[in-house]
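The values are calculated or read from the model by the stated rules, or taken from the named source; none is laboratory data. It should be emphasised that the depicted structure is a prediction, and the values quoted were computed from it without experimental measurement. We place every Cβ from the backbone using ideal geometry, glycine too, and count neighbours over all the protein chains shown. Areas reflect the complete protein model, heavy atoms only, side chains present, ligands, DNA and RNA absent. Shrake-Rupley method; radii C 1.70, N 1.55, O 1.52, S 1.80 Å.
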Amino acid sequence: MTVMPVQRTFKLTPGKRVLFLTKDPELIRKQLAGELDLKMDDIAVADLLDDINTDAMTPAWVCFDFAPEEIAKNAYAGLIVDGKRLIPEEALTGGDFEVIVSGSQKGVGSSRETAAQAEVFSGSRLAVAASFAPIHARNNINIGQLMADHSVLSRLQAGEEIPLSEFTEGRDPITKLIIEHGGLLPFSASLAKGDVKPPKPETSKRPMNIAEKILAKHLLEGQGEFVRPGDAVMVRVDGGYSHEFTSAQVHHFLRQTYGDDYELKHPARFAVFEDHLIYADGVDKMKPFSVKIEKLRQMQRQFQVHTGVRNFGAVEGVSPGICHQVAREQIIEPGDFIQATDSHTCMGGASGALSWGVGATEYASLLYWGFTPVAVPETIRFELQGNLRQGVTAKDVMLHILATFAKREDTLDRIMEWGGEGLFGLSPDERATLANMATECSARGAVMECDDLMLEWIAGHRPYASIDALRERIVAPDEGAEYAGGVHVIDLTEIPAMVATPGDPDRGLASDPKNGARIDELAEVSIDIAYGGSCTAGKRDDIDFYAKVTREALAAGRSIADGVRFYIQFGSQDVADYARDQGYIELFDSAGVEVIKPGCGACIGCGPGVSVAGEQVTVSAINRNYKGRSGPGRLYLASPLTVAASAFVGRIVEYRDGMFSD
């Protein structure tokens, strides 16, 4: 892969421009038309777009081109205002912009490296924001795009030439080396030649939290035995996976870097999944891209045959399930360190593993070498106590945390560690919901304390597994462990039923999972679509929730509300088999629910259940409500119980036992 040239200083290039992504779309249009050149002194940070998500930077259909040069032509294709693209095709590649400026939490959402690639291959050398989502920041670093805050831009626009050392200031020693080399792959090549040596951490014995202990156990020889936040270390990776959205780029980058005949050292530790685009051909908006989608599938198959990684491909057109759910069932064990090319990799934290998503470049590197550089992250701990009240689920807990801790950026770039008796009172599937949505909090990853209930769940999906052997792998925090983000007690009895509202992106209010609201304080919202599924809400327990509400509604003589379509999609083949054994398929069929085979789909706009018109309203159990991600309509995030209850009432309502017979 081509990377940015290494420079020892940075200054603005005469004739090149700076693009300010403002909340006022008209200012963006004028900049693109060449009618306006703004300076940082002209703009308040509050006037810039916050929470620009990677779906807006490169929507799903843009990612069907795996070559970064092609992706760049449609940079920011997902910024839609009044139903039209705000940034037209090739507007960035032809605009001579070398700096792109936004507000806070730039790059939230998916781990897709294509978002960073779209800027770099449009000519951008510097991304400016108040803060960056951690995976997106890492992707920028790995492909050579510098990052800075708004004060640096003011100095640059005043004519100052700034040394590279200012862009590496505050970074750990390994990240500094990666930036100085112009990206991860050039750094890895120098490392392999012995031209650079990773620094040895000098952390002495200390109490460690779960993430620190797992990383310490995975240190390469000579790296020591203890770590603390900020330490730059090289760590072994136990496993990982990619899917058809990302495998093509991984294979492409490996061939470019290591030659057509490259080989992996530990292929059995890694896997490919055919899950994200399995039903994309059935979505009208995606049909024009069928040839490109099939090309991605073929390239993943070539990659799997070439490397020998585990194959979770479709069988007769049916996926074995969403990668994160199947990884929980068949791959991940307590104490593992897992990296995969999807932001919801953090779901593995529920199994007592440390896991987070990475971009295609980082995955290609760790896949080839078997280890990866890590700056030990800070941790924030959540102690759960009490029990959820009736009608409230783990999804509501996450929507509460998103609206509070995440909105304040308490979780930003930190590991979310979970513990407490309240956690152990939740089922393994409900714990997985908590871990899954750590990425929506812009956290680095998630990890949980583990008990016998979780071990029994893991062993129940793997006949060969020994609970005693799994128990020996459990990692618990040391007494006196430090938590830079604090220890926060959450009383589960106080959590209400929640939604996340769609916001108003056309007016500068981001559509974001952090837009939390209590249902009992929500104005009446009529719905057109109710969707239950995704890695967040397609697990066995989630299907139990949908079935509970459906059974109660039918018993009371209710039917799905007029004008509403209710979809349920299974997270894996195991979940589908469970639903069949429980008699749920017949139950859902009798109610008129549209049941979908295992896989990803509507959550990324690539399957049944997407909206097709801007005026449609969806209540969905998925994890993100970014505008355009699951169709052009307005999308409210909610729990499986809320989704199912709303489907039968025709508007967003909180589920209550006996509600249909009142």
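If you check residue 443 against the conditions, is it within 23 Å of residue 229 (Cβ to Cβ) and assigned to a loop (DSSP other than H, G, I, E, B)? Working first, answer last.
Details: within 23 Å of residue 229 (Cβ to Cβ): yes; assigned to a loop (DSSP other than H, G, I, E, B): yes.
For residue 443, the condition - within 23 Å of residue 229 (Cβ to Cβ) and assigned to a loop (DSSP other than H, G, I, E, B) - is met.
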Legend entry - Among (1) small (Gly, Ala, Ser); (2) open to solvent by 30 Å² or more (accessible area, probe 1.4 Å); (3) within 20 Å of the chain's Cα centre (by Cα) - the single one residue 83 does not satisfy: (3)
Inset, instruction - State whether the residues of region 219-229 include one that is of a type in the set (Gly, Ala, Ser) and open to solvent by 10 Å² or more (accessible area, probe 1.4 Å). - result: yes
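Tally the residues that are acidic (Asp, Glu) and crowded, with 24+ Cβ neighbours inside 10 Å, restricting the search to region 96-123. Can you show your working first?
Here is the first cut: in region 96-123, the residues acidic (Asp, Glu) are 96, 98, 113, 119.
Right, trim to crowded, with 24+ Cβ neighbours inside 10 Å and you get 113, 119.
Residues flagged as acidic (Asp, Glu) and crowded, with 24+ Cβ neighbours inside 10 Å within region 96-123 amount to 2.
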Inset, instruction - Give the residues of region 232-265 that are farther than 18 Å from residue 370 by Cα and either among the small types (Gly, Ala, Ser) or in contact with a strand residue (DSSP E or B) (Cβ under 6 Å, 6 or more places away or on another chain) (or both), sorted by residue number. - result: 243, 248
Inset, instruction - State whether the residues of region 47-67 include one that is surrounded by 24 or more Cβ atoms within 10 Å (Cβ to Cβ), of a type in the set (D, E, K, R) and either within 30 Å of residue 356 (Cβ to Cβ) or touching a Pro at 6+ places or on another chain (Cβ under 8 Å) (or both). - result: yes
Legend entry - Selected residue (only one of 620, 630, 646 is of a type in the set (Ser, Thr, Tyr), more than 19 Å from residue 517 (Cα to Cα) and crowded, with 24+ Cβ neighbours inside 10 Å): 630
Inset, instruction - Could you tell me which numbered condition residue 489 fails, if it satisfies all but one of (1) outside any loop (DSSP other than H, G, I, E, B); (2) surrounded by 13 or more Cβ atoms within 10 Å (Cβ to Cβ); (3) of a type outside the set (S, T, N, Q); (4) touching a residue at least 24 places away in the same chain (Cβ under 8 Å)? - result: (2)
Legend entry - Conditions (1) open to solvent by 10 Å² or more (accessible area, probe 1.4 Å); (2) within 26 Å of residue 208 (Cα to Cα): number failed by residue 389: (2)
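If only one of 598, 632 is touching a residue at least 24 places away in the same chain (Cβ under 8 Å) and in contact with a Phe, Trp or Tyr (Cβ under 7 Å, 6 or more places away or on another chain), which one is it?
Working: 632 fails: in contact with a Phe, Trp or Tyr (Cβ under 7 Å, 6 or more places away or on another chain).
After ruling out the rest, the residue left standing is 598.
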Inset, instruction - Could you check residue 484 against (1) in a loop (DSSP other than H, G, I, E, B); (2) aliphatic (A, V, I, L, M); (3) open to solvent by less than 30 Å² (accessible area, probe 1.4 Å) and say which number it fails? - result: (3)
Inset, instruction - Check off (1) over 19 Å from residue 512 (Cβ atoms); (2) touching a Lys or Arg at 6+ places or on another chain (Cβ under 9 Å) for residue 43 and give me the number that stays unchecked. - result: (2)
Inset, instruction - Just one of (1) touching a Leu at 6+ places or on another chain (Cβ under 9 Å); (2) closer than 30 Å to residue 489 by Cα trips up residue 365, so point out which. - result: (2)
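State whether one or more residues within region 637-647 are in a loop (DSSP other than H, G, I, E, B) and more than 21 Å from residue 506 (Cα to Cα). Steps first, answer last, please.
Of the residues in region 637-647, the ones in a loop (DSSP other than H, G, I, E, B) are 638-639.
Retained after the next criterion (residues that are more than 21 Å from residue 506 (Cα to Cα)): 638-639.
Looking for residues that are in a loop (DSSP other than H, G, I, E, B) and more than 21 Å from residue 506 (Cα to Cα), one finds at least one in region 637-647, hence yes.
Residues to consider are 382, 405; find the one that is open to solvent by 10 Å² or more (accessible area, probe 1.4 Å) and either touching a residue at least 24 places away in the same chain (Cβ under 8 Å) or over 30 Å from residue 262 (Cβ atoms) (or both).
Step by step, each of 382, 405 is checked, and only 405 is open to solvent by 10 Å² or more (accessible area, probe 1.4 Å) and either touching a residue at least 24 places away in the same chain (Cβ under 8 Å) or over 30 Å from residue 262 (Cβ atoms) (or both).
Answer yes or no as to whether residue 567 is surrounded by fewer than 19 Cβ atoms within 10 Å (Cβ to Cβ) and either within 29 Å of residue 272 (Cβ to Cβ) or touching a helix residue (DSSP H, G or I) at 6+ places or on another chain (Cβ under 7 Å) (or both).
So residue 567 fails the test.
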Legend entry - Residues (of a type in the set (Gly, Ala, Ser) and outside any helix (DSSP H, G or I)) located in region 54-71: 67
Legend entry - Those residues of region 187-222 which are under 26 Å from residue 380 (Cβ atoms), over 30 Å from the mean Cα position of the chain (by Cα) and either of a type in the set (Val, Ile, Thr) or modelled with pLDDT under 95 (or both), in sequence order: 202, 203
Inset, instruction - Please work out if residue 19 is within 22 Å of the chain's Cα centre (by Cα), surrounded by 21 or more Cβ atoms within 10 Å (Cβ to Cβ) and modelled with pLDDT of 95 or more. - result: no
Legend entry - Boolean, residue 521 is free of Cβ contacts under 8 Å to residues at least 12 places away in the same chain, farther than 20 Å from residue 614 by Cβ and open to solvent by 10 Å² or more (accessible area, probe 1.4 Å): yes
Inset, instruction - Please give the number of the condition residue 347 fails out of (1) surrounded by fewer than 24 Cβ atoms within 10 Å (Cβ to Cβ); (2) modelled with pLDDT of 95 or more. - result: (1)
Inset, instruction - Being in a loop (DSSP other than H, G, I, E, B) and either at pLDDT 95 or above or open to solvent by 40 Å² or more (accessible area, probe 1.4 Å) (or both) is the filter here, so list the residues in region 463-481 that pass it. - result: 463, 464, 466, 473, 474, 475, 476, 477, 478, 479, 480, 481
Legend entry - Sole exception among (1) open to solvent by 10 Å² or more (accessible area, probe 1.4 Å); (2) more than 22 Å from residue 152 (Cβ to Cβ); (3) out of contact with any Gly (no Cβ under 9 Å at 6 or more places or on another chain); (4) modelled with pLDDT of 95 or more for residue 93, by number: (3)
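Rundown of residues vs (1) touching a strand residue (DSSP E or B) at 6+ places or on another chain (Cβ under 6 Å); (2) within 18 Å of residue 499 (Cα to Cα), yes/no style:
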site: 570; (1), (2): no, no
site: 574; (1), (2): no, no
site: 593; (1), (2): yes, no
site: 646; (1), (2): yes, yes
site: 660; (1), (2): no, no
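Tell me, yes or no, whether region 504-516 has at least one residue that is over 25 Å from residue 50 (Cα atoms), basic (Lys, Arg) and part of a loop (DSSP other than H, G, I, E, B). Walk me through it before giving the result.
Going through region 504-516, the residues over 25 Å from residue 50 (Cα atoms) turn out to be none.
No; the residues of region 504-516 include none that is over 25 Å from residue 50 (Cα atoms), basic (Lys, Arg) and part of a loop (DSSP other than H, G, I, E, B).
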Inset, instruction - Name the single residue, out of those in region 360-379 being surrounded by 22 or more Cβ atoms within 10 Å (Cβ to Cβ) and of a type in the set (Gly, Ala, Ser), that is nearest to the chain's Cα centre (by Cα). - result: 360
